[in-house]
Amino acid sequence: MATLEWSEQADRVEVRATGDWVIARLAPLEAQLRRLLDVGGGDLHFDLGDLGRLDTAGAWLIHRTLKALEKSGRQVRLQNATEDQAALIARVAANDKPHPAEPEGGNAFLHVVAEIGETVLDAWRETRDLLGFFGLTVATLGRAVRQPARVRLTSLVYHLEQVGLNAVPIVALISFLIGIVLAYQGATQLRQFGAEIFTVELVAISVLREIGILLTAIIVAGRSGSAFTAQIGSMKLHEEVDAMRALALDPMEMLVLPRILALIIALPMLGFISAMMGLAGGAVMCWVSLDISPGLYIERLYEGVTLSHFLVGIVKAPFFALMIGLIGCFEGLKVESSAESVGRLTTKSVVESVFMVIVVDAFFSIYFAVLGL
Amino acid sequence: MSAGDAGRPVISVRGLRTQFGATVIHDGLDLDIFAGEVVGIVGGSGTGKSVLLRTIIGLNRPRAGTIAVFGQQLDELAAAERQMVERRWGVLFQDGALFSSLTVAQNVMLPMREHLDLSEGLMDELAAMKISMVGLQPDACNKYPSELSGGMRKRAGLARALALDPDIVFLDEPTAGLDPIGAAAFDNLILELQRNLGLTVFMVTHDLDSLNAICDRIAVLAEKRVIVTGDMAQMLEHSHPWIRDYFHGPRARARAAELEPKQPDPKQEDS
């Protein structure tokens, strides 16, 4: 135990420190030492004769108390300190340099206003930089078209496997389940009007035009957009991107282009798989709950659904892919020197790309409505 | 350290075998480190100096062998007891390994905050004192690790390693990447702290100046074990080819000439 006792004499106060004054045992001492400041008047003798171990934290407490006492005009003497203890207290005293206080928060209302302004400006800068990045990507792509040897084929194939092939199971499963859900909900509602047979059209048109591709894009944004940001981000952290530049290699060509191209190639394929699996899910549900046999289901598909429905859906895929790839790589390249920024930008990348996918989808809807498709 | 610990090793490694896949790093490694001494671990690249450090502090699991710290077998301890042991050592990783989302002062305060029951004000003062002690300016306290240079990160890492006033300090190449003046100051700092606090220092290093200036004992890692331990004089006389090359190489000679110009060259070969 670390303890402190004092006795008031006629002209002075005798303070004796005993036990081990080490950091793990200091908590009770702090309050006691503060009380010491109010004890008696006159000189104060601080006796370390019975002190056990002393570490820098204990030495700091002694130094701090002595300093406070001296400041209030008392004479203080340290007694019976061993050479090491005196040296330690001296060393601690030499390092008594309080660090500057952190800047004040200021007016809370102003703070909120400033925060809003900052966010708006950030959004504007972000949009501008993303447009710039888009331009840079197109320029890089243009170079690659003129000199196809510049496309890193190995890298492209690798990313095709990562974002395309490896995503097939999850995309197929989710689309199948959504097909089932749509058919079930549609059948329940349409039965009220005796129009169950239109469940087929309901499932087919919504899956082909919207849900299949939108769902795929959202899964891919979560799976691959985030992976792009995290990969490129940690490469930036380890100065790998700088090393590429220093070796006269273009990160746009090495990192960004293969990823975006892979997405643009893979997403339409995934969208197709998703559409087919959605239709299959619908067929299963129609068969189970409405007694529409697969043969009849296909017949209804031929009658009610045209190729244009499918094309309207699939044509959006490359645009979604471009958005996801651009944002994923862009946010990854923005990572700066801390693990925390990798996490923040990865989150941002997923949120932004899902948002942009839906915005682009809305524009397509309006466009197709105007065209009457 | 209390008097009872003197003469007994604070770290005792016996028959250690570490292995990554099929690659054996250490095999039958024995090492004792006694209270209050500064031990420098040297060895060629890839001989597993850092791995040894990481194994002793429990970041790698050895395949075989025992490691005792303060006389307690680490792998037999319950989690709570283990934590008590861990609080008695501090580790400086090669690049500081500061938490990037905290300021330097918060990094130093983190172990105190988690393990002790001190007032906020006192922790603040102790952190500022430790940061100043390792030779950083007070304005470094509120900076984030990404705003510091490599040498400053190392110092901040040492301040965090010293936060709980440990009995043992593990240093992984503390002077690598520092300028010679900074490295000498770092050596001095470690030596003074070691003297005042009775620290035991386990130091992986390549810095011949550090070895010369502050190490009581040098342990040489080669052939998957500690082939020899001893002081500088014993190293200079040892006949193992690697040790000869290391301590009599051109850099070592240049340093020896600088430090003690009157000492005769201890070898017969021409230079």
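Where a number appears in this text, it was derived from the coordinates with a stated rule and is not lab data. All values reported here derive from a predicted model rather than from experimental measurement. Don't worry about glycine lacking a Cβ; one is built from the backbone with ideal geometry, like all the others, and counts go over all protein chains shown.
The mean sequence distance of close C-alpha pairs (under 8 Å, at least 6 residues apart), as a share of the length of the range A:125-275, puts its relative contact order at 44 percent.
Between A:R191 and B:E120, the simple label model (points 7 Å from Cα in the Cβ direction) yields a spacing of 6.2 nm. As a length-normalised measure over Cα pairs under 8 Å and 6 or more apart, the relative contact order of chain B settles at 23 percent.
Annotation: lysines with alpha-carbon distance below 25 angstrom to A:K236 (same-chain offsets under eight excluded): A:K334, A:K348, B:K143, B:K154.
With a Förster radius of 51 Å applied to the C-beta separation of B:V228 and B:S100, the computed FRET efficiency comes to 0.80. The local environment of B:S100, defined by Cβ-Cβ distances under 11 Å, has a net charge of -2 under the rule Lys, Arg +1 and Asp, Glu -1. Here the calculated FRET efficiency for A:A94 and B:L77, from their Cβ-Cβ distance with R0 = 35 Å, stands at 0.35, rounded to the nearest 0.05.
As a proxy for reagent exposure, B:E76, A:E299 were ordered by neighbouring Cβ count within 10 angstrom, fewest first; the result is B:E76, A:E299. Shown for A:L202, B:L16, B:L102: other C-beta atoms within 10 Å of each C-beta, ranked fewest to most, produce the order B:L102, A:L202, B:L16. Label sites at A:E5 and A:A114, each approximated as a point 7 angstrom past Cα along Cα to Cβ, lie 5.5 nm apart. Of the beta bridges in the protein assembly as shown, as assigned by DSSP with both residues counted there, near 45 percent are antiparallel.
With a cut-off of 12 Å between beta carbons, the residues surrounding B:L148 carry a summed charge of +1, where Lys and Arg count +1 and Asp and Glu -1. Largest GNM mean-square fluctuation among A:T347, A:T65, A:T306, using chain A with Cα springs under 10 Å: A:T65. Exposure proxy shown here: for B:L208, A:L121, the number of other Cβ atoms within 10 Å sets the order, fewest to most, as A:L121, B:L208. Here the Gaussian network model covers chain B, with springs between Cα atoms less than 10 Å apart; of B:H248, B:H206, B:H115, B:H115 fluctuates the most.
Contact order for the range B:1-158, expressed relative to its length and based on alpha carbon pairs under 8 Å spaced 6+ residues apart, stands at 20 percent.
Springs between alpha-carbon atoms under 10 Å, Gaussian network over chain B: tell me which of B:G48, B:G157, B:G28 tops the mean-square fluctuations. Top of the fluctuation ranking is B:G28. Using a Förster radius of 22 Å, what is the FRET efficiency between A:E239 and B:H206 based on their Cβ-Cβ separation? Nearest 0.05, please. So the FRET efficiency works out to roughly 0.45.
In chain A, the DSSP-assigned H stretches of four residues or longer account for a calculated mean residue ellipticity at 222 nm of -22500 deg cm²/dmol, using -39500 (n - 2.57) per stretch and the full residue count as denominator. Centroid-to-centroid, using Cα positions, the range A:139-162 and the range B:103-156 are 48 Å apart. Can you bin chain B into rounded, prolate or oblate? Criterion: square roots of the alpha carbon gyration tensor eigenvalues sorted a ≥ b ≥ c, rounded for a/c under 1.5, prolate for a/b above b/c, oblate for the rest. Oblate, because a/c is 1.5 or more while a/b does not exceed b/c. Listed by chain and number, the lysines whose C-alpha is less than 17 Å from the C-alpha of B:K49, apart from same-chain residues fewer than 8 away, are B:K224.
Our coupling estimate for the range B:104-118, obtained by passing each phi through the Karplus curve with A = 6.51, B = -1.76, C = 1.60 and θ = phi - 60°, is 4, 4, 5, 4, 6, 6, 4, x, 5, 5, 6, 9, 10, 10, 9 Hz, Gly and Pro reported as x. A:E70 sits among other residues whose Cβ lies under 13 Å from its own Cβ, and their net charge, with Lys and Arg +1 and Asp and Glu -1, is +3. What percent antiparallel are the DSSP beta bridges of chain A, to the nearest 5? Roughly 35 percent of the beta bridges in chain A run antiparallel, per DSSP.
Whole angstrom only: what separates the Cα centroid of the range A:63-96 from the Cα centroid of the range A:226-300? For the range A:63-96 versus the range A:226-300, the Cα centre distance is 68 Å.
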